[in-house]
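J.: The structure's right below; bear with me while I get my questions together.
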Amino acid sequence: MTFEISPPWWRTSTVRIALAVAMAFALAMLGLWRERLMRSRQVDLRAKLREHEALLQRATRDPLTGLWNRSALLDLLHQEIGNAASRVSPLAVVMIDVDHFKQVNDTYGHLAGDAVLRGLGTFLARAVRSTGHIGRYGGEELLLVMPGMPEIRPCSNVETLQKAISTLTFDIDAPNLRVTASFGVCWWQPGDGADQLIGRADAALYAAKQAGRNRVEYARCAEIDAGRIRFEK
């Protein structure tokens, strides 16, 4: 007589096949779950990144013109002063003011004045994109920081910008509206801080206003003291 002992049920080929199928299914589900988890995390990360960019935008950009706001612009100026000092490279600072801006508001309304500032900001941002930083310093005053700009008078880059402003058109119901701007320019000297630079640029801007507006004025050398050029305010 012969006897045949069957293996336990958990060692049968049917069970083994079933286990293999179940394991493959589990692995597939695990992979699918991980893929969905990664996608969910990517969506969350993109949302947080957009939120961070929005917060950064509100913290550093002027809401009307889209230019750097005063705080961010001063931070950039401090950085460029440090770069100029370490590299001994030129740095120009330009104060820009829209001529007779109050008259624009009084004649055409404040919405027209806002449109002028937006249009001027858009033009200058594009014009100096690769050469400097432009921001709204306050009211209708803009501040332009130009690292690496050689100290040449007249400065063709600045003169071209100033002349181009009078050709701009603005998206308002006043087709004949044109504006001009006055510019005050100075260059960094060793030892200068942001206040000194802005003060000289502002003094040069005041000189442009006094000379009839729609022009560029440069901070003038007043004296040479111990080998360092000093400028009039």
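J.: Only one of the listed values, (i) -0.51; (ii) -0.61; (iii) -0.41, was derived from the coordinates as log10 I(q)/I(0) by the Debye sum over Cα atoms at q = 0.09 Å⁻¹; which label is it?
T.: (i)
J.: Let me know the charge dipole size of the chain about its Cα centre in debye, to the nearest 20, where only the beta-carbon of Lys, Arg (+1) and Asp, Glu (-1) is charged.
T.: Magnitude of the dipole: close to 880 debye.
J.: Of VAL145, PHE170, LEU37, which is farthest towards the positive pole of the chain's charge dipole, taken about the Cα centre with +1 and -1 on the beta-carbons of Lys, Arg and Asp, Glu respectively?
T.: Of the listed residues, the answer is LEU37.
J.: Here is a further query. Using the heavy atoms of the protein chains alone and a 1.4 angstrom probe, what is the accessible area of the stretch 67-207 per residue in square angstrom?
T.: 46 Å²
J.: Evaluate the charge dipole of the stretch 14-97 about its Cα centre and quote only its size in Debye, nearest 20, assuming +1 on the Cβ of each Lys and Arg and -1 on the Cβ of each Asp and Glu.
T.: Charge dipole, the stretch 14-97, about its Cα centre: 640 debye, nearest 20.
J.: Report, to the nearest whole %, how much of the accessible area of the chain belongs to carbon and sulfur atoms, 1.4 Å probe, protein only.
T.: 55 percent
J.: Still on this structure, please answer the following. Looking at MET95, LEU111, SER130, which one has the Cα that reaches farthest to the positive end of the dipole of the chain (charges on Cβ: Lys, Arg +1; Asp, Glu -1)?
T.: Of the candidates, SER130 comes out farthest on the positive side.
J.: Can you list which of the DSSP-assigned H helices in the chain have a Cα extent of 30 Å or more along the long axis and an average Kyte-Doolittle score of at least -1.0?
T.: Taking the DSSP H segments of the chain (at least 30 Å long, mean hydropathy at least -1.0), we get 13-60.
J.: Just to be sure I understand the model, the point goes 7 Å from the Cα along the line to the Cβ. What's the resulting VAL21 to ALA125 distance in nm?
T.: 6.2 nm
J.: Okay, next question. Under a point-charge model restricted to the Cβ atoms of Lys and Arg (+1) and Asp and Glu (-1), what is the dipole moment magnitude of the stretch 86-203 relative to its Cα centre, in debye to the nearest 20?
T.: 400 debye
J.: Sequence gap at least 6, Cα distance under 8 Å: using those rules, report the relative contact order of the chain to the nearest whole percent.
T.: Relative contact order for the chain comes out at 19 percent.
The values are calculated or read from the model by the stated rules, or taken from the named source; none is laboratory data. Remember, predicted model here, so these are calculated numbers, not experimental data. Here Cβ is always computed from backbone atoms with ideal geometry, including for glycine, and neighbour counts include all displayed protein chains. We work out accessible area using only protein heavy atoms, side chains counted, and drop any ligands, DNA or RNA first. Shrake-Rupley method; radii C 1.70, N 1.55, O 1.52, S 1.80 Å.
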